[in-house]
1. Could you tell me whether any residue of region 194-209 is modelled with pLDDT of 90 or more, farther than 18 Å from Glu180 by Cβ and polar (S, T, N, Q)?
2. Just give me the residues in region 153-162 being surrounded by 22 or more Cβ atoms within 10 Å (Cβ to Cβ) and either closer than 26 Å to Val268 by Cα or in contact with a Cys (Cβ under 9 Å, 6 or more places away or on another chain) (or both), in sequence order.
3. Of all residues in region 22-63, which are part of a loop (DSSP other than H, G, I, E, B) and of a type in the set (Asp, Glu)?
4. Can you pull out the residues in region 152-170 that are among the hydrophobic types (A, V, I, L, M, F, W, C) and either modelled with pLDDT of 95 or more or not assigned by TED's automatic domain parsing to the domain that holds Ala132 (or both)?
5. Quick one: would you say Phe120 is in contact with a His (Cβ under 8 Å, 6 or more places away or on another chain), at pLDDT 95 or above and farther than 14 Å from Gly186 by Cα?
6. Quick one: which of Phe215, Phe144 is part of a strand (DSSP E or B) and surrounded by fewer than 23 Cβ atoms within 10 Å (Cβ to Cβ)?
7. Any chance you could count how many residues in region 147-174 are under 20 Å from Gly223 (Cα atoms) and outside any helix (DSSP H, G or I)?
8. Tell me which of these Tyr266 doesn't satisfy, since it passes every other one: (1) touching a Lys or Arg at 6+ places or on another chain (Cβ under 6 Å); (2) under 30 Å from Val17 (Cα atoms).
Amino acid sequence: MRFSVRHATVYRYSEPVRFGTHRLRLSPRGQNVALHYQEIHVAPEPATRRDALDPFGNPVTELEFGHSADLLAFESAFELDTIAPPPVSRADLPPLPWPRGTGEPAYLPAAAADPAVTAFAEEIVRTSDWEAAAFLERLNETLFSRTDRHIRPDGAAQPAAVTLRTARGACRDLTVLFMEAARTQGIPARFVSGYQAHAESVDGQRHLHAWPEVFLPGHGWQGYDPTHGLPVTDGHVALSAAPDQAATMPVEGGFYGTGVTSELDYEVEIYAD
């Protein structure tokens, strides 16, 4: 699928401020895509700019600024083709639960899941006859059908148990609940931030999207989208993936100033066919 994306972010300050180091995660990850072009414009012009990969393999643009300003703006644009991953074969996967040593241990946190989330996952795995692929499909569909999904423009993802109890959440909330449920069965899971092709929000605007990926032996990382109840194929473009949401923020940085107020505006345009 051909994607053309423009993502503009503007911070306005009540008076000039000094900027700390900023990290941008606005470049597409290289997996399952053929990139045709990409550019990121920054204002004011940074003193230094460096492109790198973070510890999770995400492309990151690191910026340092030399002068104060009352506005900070980023605009990312790219065009690419996505390539659908092969489907998961149920026969290739061992029955659940998996031992914690099953691949990618960094994506299986040591802390125990909330008991309510564990019970929820165990109910689904029983009705899936302990088949891993069936469990993931049913988990995806269950979160889609049981949750009141909505746009929440700011704030971190809420705890998985809150989303489960209230049956309400934004895409990042469903992502965290899916991840925690999968991890109770020994399935490594990670948080992905990016764009989707055709889904339109109730406010008529486009937004960043979030979805989970799980690591399956013999298949690698596979994505699911509980916000829409579908597997991730060629209709999604990933920007960053990490064990938690905090390491996937599209813009990370700060400023120095006393008594300064700020405003954030953003615009996302996505064309896909």
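1. Yes; the residues of region 194-209 include at least one that is modelled with pLDDT of 90 or more, farther than 18 Å from Glu180 by Cβ and polar (S, T, N, Q).
2. Hit for region 153-162 is Ala157, nothing else.
3. Answer for region 22-63, where residues must be part of a loop (DSSP other than H, G, I, E, B) and of a type in the set (Asp, Glu): Glu45, Asp54.
4. Matches in region 152-170: Ala160, Ala161, Val162, Leu164.
5. Against the criterion (in contact with a His (Cβ under 8 Å, 6 or more places away or on another chain), at pLDDT 95 or above and farther than 14 Å from Gly186 by Cα), Phe120 does not qualify.
6. Phe215
7. 5
8. Of the numbered conditions (1) touching a Lys or Arg at 6+ places or on another chain (Cβ under 6 Å); (2) under 30 Å from Val17 (Cα atoms), the odd one out for Tyr266 is (1).
The values are calculated or read from the model by the stated rules, or taken from the named source; none is laboratory data. Since we're looking at a predicted model, the values are computed, not measured. So basically every Cβ, Gly included, is an ideal-geometry build from the backbone, and we count neighbours across all protein chains shown.
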